[in-house]
Amino acid sequence: MPNVIVSDTSCLILFYKIGELDLLKKLFGKLHVTNIVLKEFNQPVPDWIEVVDLKTDVHKGLSGYLDAGEATSIALASEYEDSLLIIDEIKGRKAAKEMGIPVTGSLGVLITAKNKGHLKAVKPVIAKIQKTNFRISKELIERVLEKAKES
């Protein structure tokens, strides 16, 4: 497991909506977010979510084609040698990967949580996700269930 876990806003909002925010604590212990992500999340954050100031201006180069939360999350993850970025948006994931930053998404978090014994099954959580406005294709659901050995 990487030393530093950085989260973009979408994962926080999604897990908050479905009542699974604590799953992130169980899995990672601590999350790092930027002030922008904190503002976008717009909910009180527990003490295991640490708001970190950026040390670089990397996000300025990314903000031309990504939203501010994604740009600052990628920039924050880039400041650590051993980090993992939780980001769902395809353009943001691509940009982070091009910078050599390991990424996962909200659904990847669910697979990891199951593999580590924090979830008995992914399928009921996906059912809760489908009741939100989080867009998820049938093909992606099938791939996730296959990886979670629930297909």
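Bear in mind that the values in this text are calculations on the coordinates, not laboratory data. Fair warning: this is a prediction, and the values are worked out from it, not measured in the lab. Virtual Cβ from ideal backbone geometry, glycine too; neighbours counted across all protein chains shown.
Return ILE86, ILE126 ranked ascending by Cβ neighbour count within 10 Å, so the fewest neighbours appear first. Mind showing how you got there, number by number?
On the way: ILE86 25, ILE126 19.
The order, fewest Cβ neighbours first, is ILE126, ILE86.
Give the order of GLU70, GLU79 when sorted by the count of other beta carbons within 10 angstrom, beginning with the fewest.
Final ranking by Cβ density, sparse to dense: GLU79, GLU70.
Per residue, what volume in Å³ does the convex hull of the Cα atoms of the chain enclose? Write out the running numbers ahead of the final one.
On the way: hull volume 16.5 nm³, N = 151.
Hull volume normalised by residue count: 109 Å³.
Could you tell me the distance between the Cα centroids of the range 64-80 and the range 1-52, to the nearest Å?
The range 64-80 and the range 1-52 have Cα centres separated by 15 Å.
Got a sec? Charge dipole of the range 1-119, +1 on Cβ for Lys and Arg, -1 for Asp and Glu; which of PHE41, VAL58, GLY29 is way out at the positive end?
Highest projection toward the positive end goes to GLY29.
Going through the range 45-110, which chymotrypsin sites (Phe, Trp or Tyr not before Pro) have at most 12 other Cβ atoms within 10 Å and a DSSP loop state?
Those satisfying the criteria are TYR65.
Using every pair of alpha-carbon atoms in the range 108-147, split the distances into 10 Å bins beginning at 0 and state the percent of pairs per bin, rounded to integers.
29, 59, 12
Against the longest alpha carbon principal axis of the chain, how many degrees, from 0 to 90 and to the nearest 10, is the axis of helix 106-115 turned?
In the chain, helix 106-115 runs at an angle near 60 degrees to the longest axis.
Between GLU98 and GLN43, what length comes free when the chain is fully extended (0.36 nm per residue of separation minus the Cα-Cα distance, one decimal in nm)? Intermediate results must be reported in sequence, preceding the final value.
Working: separation 55, 0.36 × 55 = 19.80 nm, distance 3.11 nm.
The GLU98-GLN43 span can extend by a further 16.7 nm.
By counting other Cβ atoms within 10 Å of each Cβ, how are ARG135, ARG143 ranked from fewest to most?
ARG135, ARG143
What does the net charge come to around LEU27 if you take all other residues with beta carbon closer than 11 Å to its beta carbon, with K and R at +1 and D and E at -1?
Once positives and negatives cancel, what remains is +3.
With axes computed from alpha carbons, what is the tilt in degrees of helix 138-147 against the longest principal axis of the chain, rounded to the nearest 10 within 0 to 90?
Compared with the principal axis, the helix lies near 80 degrees.
What is the chain's relative contact order, in percent, from Cα pairs under 8 angstrom and six or more apart in sequence?
25
How charged is the neighbourhood of PHE134? Take every other residue with its Cβ under 11 Å from the Cβ of PHE134, and add Lys/Arg as +1 and Asp/Glu as -1.
+3
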